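Each remark here refers to the structure printed beneath this line.
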Amino acid sequence: PNPFDTIAVEAKSAFVLDVVNRRPLYEKNADAPRPLASLTKVMTAVTASSMAPELKNVVIDLADLSPEGDSKLKVGSSWNIKDLIDFSLLISSNDGAHALAASVGASDFIQDMNTLALKIGLTNSSFRNEHGLDTGERERGLTAQAGAYGSARDMALLFEYAIMNY
């Protein structure tokens with residue numbers, strides 16, 4: 001018997017993957033793209049790690065502090081990239097995600113995120129920024145769009161990829 005058959009899931013989408021046997025254990029609207037919010041930072045961490053494996057340190061620039069939210073990063077401070085990834089993921093630092101994206105020297109980090117997402121097999125995901133914050137201008141009456149969209153299945157595959165490779 002499947003233990004998930006007796007669980008009532010209120011979420012609009014869900015996907016549980018048995019990583020060892022590479023088979024789904026439960027799915028509900030698993031391929032429907034949904035706003036990702038801070039889950040985007042996992043893709044940012046994976047992309048930065050894959051693009052600049054030799055990069056050791058990231059120096060925080062004033063521009064890195066431009067996204068909404070303040071995670072107390074200081075201009076001029078130097079971070080080991082692995083520590084900055086951990087920090088950005090643990091406290092959901094938009095500033096840290098921005099610094100990671102800027103530090104790898106790519107001309108179009110977001111395009112690189114989307115290219116890597118397809119390589120990993122994330123067919124229902126798209127990224128508009130490195131932190132997942134909504135884009136658009138609510139104050140002018142325009143509709144904001146999520147900073148990234150992805151399906152529950154894609155997020156399971158992303159986490160599997162991150163765990164297996166990093």
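Within the group Leu39, Leu84, which residue is in a helix (DSSP H, G or I) and buried (at least 21 other Cβ atoms within 10 Å of the Cβ)?
Of Leu39, Leu84, the one residue that is in a helix (DSSP H, G or I) and buried (at least 21 other Cβ atoms within 10 Å of the Cβ) is Leu84.
When only residues in segment 115-145 that are small (Gly, Ala, Ser) and buried (at least 21 other Cβ atoms within 10 Å of the Cβ) count, which is modelled with the lowest pLDDT?
Looking at residues that are small (Gly, Ala, Ser) and buried (at least 21 other Cβ atoms within 10 Å of the Cβ), I get Gly132.
Which residue out of Ser77, Ser13, Ser71 is in contact with a strand residue (DSSP E or B) (Cβ under 8 Å, 6 or more places away or on another chain) and over 24 Å from Ser125 (Cβ atoms)?
Among Ser77, Ser13, Ser71, only Ser77 is in contact with a strand residue (DSSP E or B) (Cβ under 8 Å, 6 or more places away or on another chain) and over 24 Å from Ser125 (Cβ atoms).
From the set of residues in segment 42-62 that are part of a loop (DSSP other than H, G, I, E, B) and free of Cβ contacts under 8 Å to residues at least 24 places away in the same chain, which is least open to solvent (accessible area, probe 1.4 Å)? Reasoning before the result, please.
Filtering segment 42-62 for residues part of a loop (DSSP other than H, G, I, E, B) gives 52-56, 60-61.
After this cut, where a residue has to be free of Cβ contacts under 8 Å to residues at least 24 places away in the same chain as well, the list is 53-54.
On the way: Pro53: 90, Glu54: 125 Å².
Among them, the one singled out is Pro53.
For Ser107, work out the one condition from (1) over 30 Å from Gly76 (Cβ atoms); (2) open to solvent by 40 Å² or more (accessible area, probe 1.4 Å); (3) free of Cβ contacts under 8 Å to residues at least 12 places away in the same chain it doesn't fulfil.
If we test Ser107 against (1) over 30 Å from Gly76 (Cβ atoms); (2) open to solvent by 40 Å² or more (accessible area, probe 1.4 Å); (3) free of Cβ contacts under 8 Å to residues at least 12 places away in the same chain, just (1) comes out false.
I'm trying to understand the selection: among the residues of segment 142-162, which are more than 19 Å from Ala45 (Cα to Cα), of a type outside the set (Ser, Thr, Tyr) and part of a loop (DSSP other than H, G, I, E, B)?
Once the filter is applied, which keeps residues that are more than 19 Å from Ala45 (Cα to Cα), of a type outside the set (Ser, Thr, Tyr) and part of a loop (DSSP other than H, G, I, E, B), segment 142-162 yields Leu142, Ala144.
Filter segment 87-122 for residues that are in a loop (DSSP other than H, G, I, E, B), within 15 Å of the chain's Cα centre (by Cα) and farther than 19 Å from Ile163 by Cα and give the result.
Listed by number, the list holds a single entry, Ser93.
What are the pairs with Cβ atoms under 6 angstrom where one residue, in segment 16-40, is under 18 Å from Pro1 (Cβ atoms) and the other, located anywhere, is open to solvent by 60 Å² or more (accessible area, probe 1.4 Å) and basic (Lys, Arg)? Sequence gap at least six, or different chains.
Qualifying pairs under 6 Å: none.
Within segment 7-36, count every residue that is in contact with a Phe, Trp or Tyr (Cβ under 7 Å, 6 or more places away or on another chain), open to solvent by 60 Å² or more (accessible area, probe 1.4 Å) and assigned to a loop (DSSP other than H, G, I, E, B).
1
Taking the options Tyr161, Tyr166, name whichever one is surrounded by fewer than 19 Cβ atoms within 10 Å (Cβ to Cβ), touching a helix residue (DSSP H, G or I) at 6+ places or on another chain (Cβ under 6 Å) and of a type in the set (Ser, Thr, Tyr).
Being surrounded by fewer than 19 Cβ atoms within 10 Å (Cβ to Cβ), touching a helix residue (DSSP H, G or I) at 6+ places or on another chain (Cβ under 6 Å) and of a type in the set (Ser, Thr, Tyr) holds for just one of Tyr161, Tyr166, which is Tyr166.
The values are calculated or read from the model by the stated rules, or taken from the named source; none is laboratory data. Just so we're clear, the structure is a prediction, and the values are computed from it rather than from any experiment. We place every Cβ from the backbone using ideal geometry, glycine too, and count neighbours over all the protein chains shown. For the accessible areas, the whole protein counts, side chains as well, though only heavy atoms, and no ligand, DNA or RNA atoms are used. Shrake-Rupley method; radii C 1.70, N 1.55, O 1.52, S 1.80 Å.
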